[in-house]
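Undergrad: Input: one structure, supplied below.
The values are calculated or read from the model by the stated rules, or taken from the named source; none is laboratory data. Just so it is clear, the structure is predicted and the values come from calculations on it, not from any experiment. Don't worry about glycine lacking a Cβ; one is built from the backbone with ideal geometry, like all the others, and counts go over all protein chains shown. The accessibility values were calculated without ligands, DNA or RNA, using every heavy atom of the protein model including side chains. Shrake-Rupley method; radii C 1.70, N 1.55, O 1.52, S 1.80 Å.
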Amino acid sequence: MEERLFSYPPEGAADIVREEQAAVFNPPELEMSLAMNRISLAFLFLHRKQNNYQRRKIITASMSTAGQVIRCKAAVAWESGKPLSMEQVEVAPPQKNEVRIKILFTSLCHTDVYFWDVKGQNPLFPRILGHEAGGIVESVGEGVTDLKQGDHVLPIFTGECKECAHCLSEESNLCNLLRINTDRGEMIHDGKSRFSINGKPIYHFLGTSTFSEYTVVHVGQVAKINPKAPLDKVCVLSCGMSTGFGATVNVAKPKKGQSVAIFGLGAVGLAAAEGARVSGASRIIGVDLNPNRFELAKKFGVTEFVNPKDHNKPVQEVIAEMTGGGVDRSVECTGSVQAMMAAFECVHDGWGVAVLVGVPSKDDAFKTHPVNLLNERTLKGTFFGNYKPRTDIPAVVEKYMNKELELDKFITHTVPFSEINKAFELMVAGEGLRCVIRMGE
Ligand code: NAD
Ligand code: ZN
């Protein structure tokens, strides 16, 4: 298969030559249809030639860079809360069980912002942030057998080694080796960074560091996807959209006709709302402090809105009154511990299930009266919507390809890489959902 994709002359060329040779000996009455055939075959030939040319370009470039240090642009966070600075960085070749990826598109998730402004998180600088992205494998390190140069991939912030107890369990996506670790700044193979500037190491983030034209990622954190999928769209499945959608369909699991409350109407929350919509929820109640979110949320099937600021009692009481005792399911996508507690306390006793998704500050503590649990409410939490990145994400991409899942409406902004700081400004201002950053521009 690999042979065929990158071979020259392109697949089918020999057939076309044979066809043309045969045509020389054909009687005149066949000339017209043969001429038409020749035209369409010529188009086919050209099309294949173009596709192969593009792939060959990537492969040829990779062949000359494999095993070498690559110098490329990266947006480096030197200190907390300061605009990222565009730098020329050195990216070392991938080591054992690692792949080097040419990132084509990346987007900004709120988790990047927490570790950039480090309010409530451990500081680690200088660092290359970024974890929601799509790209093409440039080269692979020793021991990598299921990925090769030219594969289209999504790097994922939490991994799947396929061997540990969690990876072997149907219930968990928390790989022992590669589960999310926000404090690690180096590769697990040798405890070193693959990024440097004039020999000085720059820390990784979540093992992905996608705000760089090239990055090195553990093979267990890479989902290989359909090469026909548009990377400028499906890159958002690398974190936010899969997380929110999966939190509802894989964890909260609302039954048809049930009510669902979504706390936080950013991209993750609206993906959770999308999950509620496709599950056939009868009411989808959106809760957010930012009133601008409400108009946007209507496009995602949110039927009612609650702004906690508009009420002089706790939002869980407001929701209980609206729903005759509480919602059947709730999904929290804010990162605020107050919202987490409210999301739990607003579910109906007897059967209600609340799912926490937001990333809390490091000193947060969740507090509720134990009787809220005794009253048969369930509290759950999830990373990455319980999807196993390598096993499940290719199929989620196919859902988008088959038009069962909408992604385009989540992408409200795009900017060239040189203007990446604008994406931060938009997120801090609470404007838009996802801003896709076009690398190489
Ligand atoms: P976002 O900033 O786009 O959206 C968050 C929304 O929550 C905003 O609209 C904000 O106004 C609202 N909000 C904040 N505090 C609130 C409160 N007390 N009550 C109601 N609404 C409130 O962020 P996002 O990119 O959609 O991410 C949402 C959260 O999910 C973040 O905490 C992020 O770190 C987390 N996240 C978790 C995972 C995971 O695997 N668990 C993955 C991705 C993102
Ligand atoms: Zn994220």
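Undergrad: Here is a check on your reading of the model: is Arg377 away from ligand 2 (no atom under 16 Å from the Cβ) and touching a strand residue (DSSP E or B) at 6+ places or on another chain (Cβ under 8 Å)?
TA: Judged against the criteria, Arg377 is a match.
Undergrad: Which residue is nearest to ligand 1 (Cβ to nearest atom), if the candidates are limited to region 266-290 and must be among the charged types (D, E, K, R) and buried (at least 24 other Cβ atoms within 10 Å of the Cβ)?
TA: Asp288
Undergrad: Let me spell it out: the conditions are (1) touching a residue at least 60 places away in the same chain (Cβ under 8 Å); (2) within 18 Å of Gly185 (Cβ to Cβ), and Val118 meets all of them except one. Which number is the exception?
TA: Val118 satisfies every listed condition except (1).
Undergrad: Moving to a separate point now. For region 376-428, which residues satisfy the criterion of being aromatic (Phe, Trp, Tyr) and under 30 Å from Glu345 (Cα atoms)?
TA: Once the filter is applied, which keeps residues that are aromatic (Phe, Trp, Tyr) and under 30 Å from Glu345 (Cα atoms), region 376-428 yields Phe383, Phe384, Tyr387, Phe410.
Undergrad: Let me ask something else about it. Looking at this structure, is Val144 more than 16 Å from ligand 2 (Cβ to nearest atom), of a type in the set (A, V, I, L, M, F, W, C), part of a strand (DSSP E or B) and open to solvent by less than 30 Å² (accessible area, probe 1.4 Å)?
TA: Considered against the rule, which asks whether it is more than 16 Å from ligand 2 (Cβ to nearest atom), of a type in the set (A, V, I, L, M, F, W, C), part of a strand (DSSP E or B) and open to solvent by less than 30 Å² (accessible area, probe 1.4 Å), Val144 comes out as no.
Undergrad: Hey, among the residues in region 232-264 that are within 18 Å of Arg283 (Cα to Cα) and within 15 Å of ligand 2 (Cβ to nearest atom), which one's farthest from the chain's Cα centre (by Cα)?
TA: Gly264
Undergrad: Is it the case, given these coordinates, that Val260 is surrounded by 19 or more Cβ atoms within 10 Å (Cβ to Cβ), assigned to a strand (DSSP E or B) and touching a Ser or Thr at 6+ places or on another chain (Cβ under 9 Å)?
TA: Taking the combined requirement at face value, the residue satisfies it.
Undergrad: Take Ala297 and decide whether it is touching a residue at least 12 places away in the same chain (Cβ under 8 Å), within 19 Å of Ser242 (Cβ to Cβ) and surrounded by 19 or more Cβ atoms within 10 Å (Cβ to Cβ).
TA: In short, no.
Undergrad: Here's another thing I want to ask about it. For Pro389, indicate whether it is open to solvent by less than 30 Å² (accessible area, probe 1.4 Å) and more than 10 Å from ligand 1 (Cβ to nearest atom).
TA: Answer is yes for this residue.
Undergrad: Separate question: Given the structure, is Gly130 open to solvent by less than 10 Å² (accessible area, probe 1.4 Å) and either at pLDDT 95 or above or within 16 Å of ligand 2 (Cβ to nearest atom) (or both)?
TA: Judged against the criteria, Gly130 is a match.
Undergrad: I'd like the residue in region 427-441 that is within 16 Å of ligand 2 (Cβ to nearest atom) and in contact (Cβ under 8 Å) with a residue 40 or more places away in the chain and, out of all such residues, is farthest from Ala75 (Cα to Cα).
TA: Looking at residues that are within 16 Å of ligand 2 (Cβ to nearest atom) and in contact (Cβ under 8 Å) with a residue 40 or more places away in the chain, I get Leu433.
Undergrad: Same structure, new question: Going by the conditions given, is Lys162 of a type outside the set (Gly, Ala, Ser), within 30 Å of Arg71 (Cβ to Cβ) and out of contact with any strand residue (DSSP E or B) (no Cβ under 6 Å at 6 or more places or on another chain)?
TA: Taking the combined requirement at face value, the residue does not satisfy it.
Undergrad: Pairs only if they're at least six apart or on different chains, beta carbon under 7 angstrom, first in region 356-376 and aromatic (Phe, Trp, Tyr), second surrounded by 13 or more Cβ atoms within 10 Å (Cβ to Cβ); list them, first residue then second.
TA: Sorted first by the residue in region 356-376, then by its partner, the pairs are Phe366/Val337; Phe366/Met340; Phe366/Met341.
Undergrad: Looking only at region 393-441, count every residue that is surrounded by fewer than 21 Cβ atoms within 10 Å (Cβ to Cβ), touching a helix residue (DSSP H, G or I) at 6+ places or on another chain (Cβ under 8 Å) and assigned to a helix (DSSP H, G or I) and tell me the total.
TA: Counting residues in region 393-441 that are surrounded by fewer than 21 Cβ atoms within 10 Å (Cβ to Cβ), touching a helix residue (DSSP H, G or I) at 6+ places or on another chain (Cβ under 8 Å) and assigned to a helix (DSSP H, G or I) gives 3.
Undergrad: Could you count how many residues in region 191-217 are in contact with a Lys or Arg (Cβ under 8 Å, 6 or more places away or on another chain), open to solvent by 10 Å² or more (accessible area, probe 1.4 Å) and assigned to a strand (DSSP E or B)?
TA: The total comes to 3.
Undergrad: Test Asn97 against the criterion of being of a type outside the set (Gly, Ala, Ser), open to solvent by 10 Å² or more (accessible area, probe 1.4 Å) and either within 16 Å of ligand 2 (Cβ to nearest atom) or within 24 Å of Leu231 (Cβ to Cβ) (or both), and give yes or no.
TA: It is true that Asn97 is of a type outside the set (Gly, Ala, Ser), open to solvent by 10 Å² or more (accessible area, probe 1.4 Å) and either within 16 Å of ligand 2 (Cβ to nearest atom) or within 24 Å of Leu231 (Cβ to Cβ) (or both).
Undergrad: Next up: Considering only helices (runs of 4 or more DSSP H) fully contained in region 293-392, which possess at least 2 residues that are over 31 Å from the mean Cα position of the chain (by Cα)?
TA: By residue number, 315-323, 371-374.
Undergrad: A further question on this structure: Restricting region 144-169 to residues that are modelled with pLDDT of 95 or more and among the acidic types (Asp, Glu), which is farthest from Tyr214 (Cα to Cα)?
TA: Only one residue tops the list, namely Glu163.
Undergrad: Is it true that Glu274 is in contact (Cβ under 8 Å) with a residue 12 or more places away in the chain and part of a helix (DSSP H, G or I)?
TA: yes
Every residue, every condition in (1) touching an Asp or Glu at 6+ places or on another chain (Cβ under 6 Å); (2) in a loop (DSSP other than H, G, I, E, B); (3) away from ligand 1 (no atom under 12 Å from the Cβ); (4) under 23 Å from Ile411 (Cα atoms), yes or no:
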{"site": "Pro94", "(1), (2), (3), (4)": "no, yes, yes, no"}
{"site": "Thr106", "(1), (2), (3), (4)": "no, no, yes, yes"}
{"site": "Thr111", "(1), (2), (3), (4)": "no, no, no, yes"}
{"site": "Phe115", "(1), (2), (3), (4)": "no, no, no, yes"}
{"site": "Gly120", "(1), (2), (3), (4)": "no, yes, no, no"}
{"site": "Pro123", "(1), (2), (3), (4)": "no, yes, yes, no"}
{"site": "Gly134", "(1), (2), (3), (4)": "no, no, yes, yes"}
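Undergrad: Within region 232-257, can you find the residues that are open to solvent by 10 Å² or more (accessible area, probe 1.4 Å), in a helix (DSSP H, G or I) and more than 18 Å from Glu332 (Cα to Cα)?
TA: Within region 232-257, Asp232, Lys233 meet the criteria.
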